[in-house]
């Protein structure tokens, strides 16, 4: 009862594997099988006694499915590789028709222009005496061709054989003729490369009757697994020869002839029956097939489920085929919305999205606003570093009566020189080293006086010239042109880099044309907006040529610049903790600061000098705020608006062209669809098997 259960279980499993192969699953998942391989002259097609012909040349894999049944029935068809689509189905009335049908389907393949094909001829035969066995007979390995044959057959056959050889769940049934030296067995050499331990190779020795007398021992050593060890071992059979086919010898007659040979030959009769004969080989192969199916089936079923999920996931990533204007517009709108939102977030400092995280892993920083702020700070530093040009001069030598600055008790004091010696100066009765005395510097206004004279207009000398003021101020303003252009370039560079990464992040690799178009639109918008912004900041910079401010800081700066030097000088007249002041020193300080001693041209130049310096400080503070704000309004905001408008203006015709899948993607989708179809069909076959088993 147990053997019957095992037999029925194996029959069900084998039928499942055959069904999975018939639907083309073997293109995606290795299925357990026995593949017959060998040279064209090795007698491999007769290794299992089956109707054959000496004139029939195998052009493709021939799958032979034998099953036990109460009466004869059978079919022959051509199954396309990969798709599992069968065609040219013929029902058999007797087994003598098999050879004719194989020849007919072989001719179909040749008529299609295929010298060697991956398509398979599937022969299913059921008879009472047949075992439950499936074999795949491959075209024989060839080394040369006839004059009327295509030389490409040689590598094509080897390519086909190699496809089966490398499959880990394929038992290699290597057919070798006994009358060929062991070292010349090409199929065993090929099998050893993919199965070095000989775990899935079984060798069939054919043509034992062709061995030269006395040379049998070498073949027997091979048969006994002494020369080249194989886990599944070796087996010897004697097949019908060409003459036997010509004489119309039947299969039963051929089996009897084989039996008589191994039982009566003086050498072969000593070999155990389990090593020889087609009948024992059939039993052995059934057992081998049962083992490989039993071991592999659970793994195959798991791989089917895993690949099904993976294939579906790959198709989900590709998305649906967009073959309508509405579907394309919807996809495009989602893409644009996602990209624009990330662009806005990047420029508004909203970095919650994962796109802005993992800076070190991404090796790039997408936080555009933070980067721009650093450039704003650099611009601020460059503008504020603009120094007002002024020059102070002091007497080269000291003389009696000069006013100098000395250090007394750690505090700066101003006093008159009373005596001058080589290394010392006497002030207020105190002798100081010359190195401790400093002449009081005076502002050199020579150049400014000259410019006032050269640009004199109708204005009175008591009023600073506004035109000259503007002209002199322009020299400082022009120094800000380069930092402003550099700041705009930095804004553009940051936006270009981050936005391109956003487009790649939101885009889909399969729509390369859309990605290229979006990048082109971005670059065009950047160029347009940058050009316009450059014009705006140029106009704004030009406006700075005409000084203007309502900022009270101007007057504060002006009064500070006027009074601060005098205040510091007066404070330096008194000793620490004392309020005693030398009146002459006070007069000296007042004279140095222009009280009662300055000429009109000096006073006029000094007033213009102070006004320029005071206004420059106000202008710098305005500019460091003004231009980043201009760039925010005229570049950043304008760029986002322009991008949105340009992206929205795309036509349905353009979208159709941009969202047309590339040939590579179309092929990939087709491959996935075919694979998914095959996997789903396999899943259905598995369900049917379990349902059938539960009903039984």
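Take residue 238 and decide whether it is buried (at least 16 other Cβ atoms within 10 Å of the Cβ), out of contact with any strand residue (DSSP E or B) (no Cβ under 6 Å at 6 or more places or on another chain) and either part of a loop (DSSP other than H, G, I, E, B) or not assigned by TED's automatic domain parsing to the domain that holds residue 215 (or both). Criteria met by residue 238. Residues of the range 528-566 that are exposed (fewer than 12 other Cβ atoms within 10 Å of the Cβ) and at pLDDT below 80: 563, 564.
Looking only at the range 275-314, residues that are more than 27 Å from residue 12 (Cα to Cα) and either crowded, with 18+ Cβ neighbours inside 10 Å or without any contact (Cβ under 8 Å) to a residue 24 or more places away in the chain (or both) come to 6 in all. Residue 603: surrounded by fewer than 18 Cβ atoms within 10 Å (Cβ to Cβ) and not in a helix (DSSP H, G or I), yes or no? When the stated conditions are applied, residue 603 does not pass them.
I need a count of the residues in the range 258-290 that are in a helix (DSSP H, G or I) and farther than 21 Å from residue 175 by Cα. Talk me through it step by step, then tell me what you get.
So in the range 258-290, the residues in a helix (DSSP H, G or I) come out as 258-264, 268-270, 273-275, 278-290.
Still in the running and farther than 21 Å from residue 175 by Cα: 260, 263-264, 269-270.
Summing the residues that are in a helix (DSSP H, G or I) and farther than 21 Å from residue 175 by Cα in the range 258-290 gives 5.
The residue of the range 144-156 that is surrounded by the most Cβ atoms within 10 Å (Cβ to Cβ), among those that are within 44 Å of the chain's Cα centre (by Cα) and under 17 Å from residue 39 (Cβ atoms), is 156. Of the helices (runs of 4 or more DSSP H) lying entirely inside the range 430-530, the ones with 3 or more residues being in contact with a helix residue (DSSP H, G or I) (Cβ under 6 Å, 6 or more places away or on another chain) and under 30 Å from residue 332 (Cβ atoms) are found at 481-506.
The values are calculated or read from the model by the stated rules, or taken from the named source; none is laboratory data. For clarity, every value in this text was computed on a predicted model and none was experimentally measured. Neighbour counts are summed over all protein chains in view; Cβ atoms, including those assigned to glycine, are modelled from backbone coordinates with ideal geometry.
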